[in-house]
Amino acid sequence: MKNDVKNISGDVISQIELDALLFDVEMNQPLVHQALVRQRANSRTGTHSTKTRAEVRGGGRKPWKQKGTGRARAGSIRSPIWRSGGVAFGPKPRSYRQDLPVRMRRQALRCVLSDKLREGSFLIVDELEIETPKSKELQQIIDSLGVTGSALLVGNPFSEGVILSARNLEGVKTLTASYLNIGDLLKYKNVIMTVDAVKRAEELWAKDGKKDGR
């Protein structure tokens, strides 16, 4: 399958042959959702913590004698039912990490890339270079390509000028082709890839498409 290649002025200058194993895959929403949940879960640090009654300072002395006071029995003022006491069954540091087979992760990536291409929110440019970091210049390039809304710029890799120029633009992010992921592809409406980035992506995720059987 072929797709147009544009320059930074928005003119079609050539065509590129895209690998159908990466860019012509049927959408599988349950798989994409599972891959997204996995990525977001693995990004959680899980450092939230509460103190149990054994960890709260104080409470070592029995507040009053066991019998004869007319009050309920109490062994510590740090009981969970007391004010300033410990927390019963509170959160502790833990790992939220989820596992997903490599083939399923790659297939989910193929599904999203193919869907972006089908809906017309996937553009390929011959190159994207900015010598001096300037956000205004990068915004003009994006506008010339006819892109409206958020955009994910994918290179292999980008120069420092492009990376620094994108930092001040709302809804624009630069990414190296090797680090393509479900989260960024779904977060940004448009994907703009250089020719080199497309070739790199095909090397990484299109080579074993036939083995997956999905």
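Where a number appears in this text, it was derived from the coordinates with a stated rule and is not lab data. Nothing here was measured: the structure is a model prediction, and the numbers come from that model. FYI the Cβ positions are ideal-geometry reconstructions off the backbone, even for glycines, and counts take in every protein chain you see.
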Using the alpha-carbon atoms, what tilt in degrees (0 to 90, nearest 10) does helix 195-205 show relative to the longest principal axis of the chain? 50
Amide H neighbours of Thr174 at under 5 Å, excluding residues fewer than 5 places away on the same chain, with H built from the backbone geometry, are Leu153
To the nearest 10 degrees, the tilt of helix 29-42 (Cα long axis) against the first principal axis of the alpha carbons of the chain is 60
Scalar couplings 3J(HN,Hα) for the range 61-69 by Karplus 6.51 cos²θ - 1.76 cosθ + 1.60 (θ = phi - 60°), nearest whole Hz, x for Gly and Pro, are 9, 5, x, 8, 5, 5, 10, x, 9
Using modelled backbone amide H atoms (1.01 Å from N, in-plane), which distant-in-sequence or interchain residues come within less than 5 Å of Val125's amide H? Lys6, Met193, Thr194, Val195
Given points 7 Å out from each Cα along the Cα-Cβ axis, report the Asp184 to Glu131 separation in nanometres with one decimal. 2.7
Furthest towards positive pole of dipole, Pro80, Ile182, Leu18, structure part the chain, Cβ charges: Pro80
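Assuming 1.002 mPa s and 20 °C, estimate D for the range 69-158 with Stokes-Einstein, Rh taken as the Kirkwood radius over Cα pairs, in µm²/s.
On the way: Rh = 19.7 Å.
Stokes-Einstein gives a translational diffusion coefficient of 109 µm²/s.
Longest segment of the chain with no GluC sites (Glu not before Pro) in a DSSP loop having at most 13 other Cβ atoms within 10 Å?
Values: sites that count: Glu26, Glu55, Glu119, Glu127, Glu129, Glu131, Glu170.
Result for the longest clean stretch: 56-118.
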Among Gln140, Asn156, Cys111 - extreme Cα towards positive end, dipole of the chain, charges at beta-carbon: Cys111
Helix 102-118: angle to the longest alpha-carbon principal axis of the chain, degrees 0 to 90, nearest 10? 50
Just to compare against my own numbers: the Cα pair-distance distribution for the chain, 10 Å bins, whole % per bin, please. 8, 26, 23, 13, 8, 9, 7, 4, 1, 0
Given +1 on the Cβ of Lys and Arg, -1 on the Cβ of Asp and Glu, and no further charges, what dipole in debye does the chain carry about its Cα centre, rounded to the nearest 20? 3360
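If packing is taken as the average number of other Cβ atoms within 10 Å across a peptide's residues, how do 90-101, 185-196, 34-45 rank, most packed first? Spell out each step's value before the answer.
Working: 90-101: 11.0, 185-196: 19.6, 34-45: 14.9.
Answer by packing, highest mean first, reads 185-196, 34-45, 90-101.
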Could you work out the relative contact order of the chain? I mean the mean sequence separation of Cα pairs under 8 Å and 6+ apart, divided by the number of residues, in percent. 25
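Need one number: convex hull volume per residue for the range 1-124, Cα atoms only, in Å³.
Looking at the range 1-124, the number lands at 185 Å³ per residue.
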DSSP-defined beta bridges in the chain - what % are antiparallel, rounded to 5: 25
So what does log10 I(q)/I(0) come out to for the range 45-95 at q = 0.12, 0.16 Å⁻¹, using the Debye formula with one equal point on every Cα and no solvent? -0.34, -0.53
Taking the Cβ of Thr52 as the centre, find all other residues whose Cβ is under 13 Å away and add up their charges (Lys, Arg: +1; Asp, Glu: -1). +4
Starting from the amide H of Gln98, placed 1.01 Å from N in the peptide plane, find each other amide H under 5 Å away whose residue is 5 or more places distant or on another chain. Asn42
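Would you please put 77-89, 102-114 in order of how densely packed they are, using the mean number of other Cβ atoms within 10 angstrom per residue and starting with the highest?
On the way: 77-89: 13.5, 102-114: 20.0.
The densest-packed peptide leads the list: 102-114, 77-89.
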Candidates Val25, Val198, Val12; GNM for the chain (alpha-carbon contacts under 10 Å) flags as most fluctuating Val12
In the neighbourhood of Glu129 defined by beta carbon distances under 15 Å, the net charge of the other residues (Lys, Arg +1; Asp, Glu -1) is -4
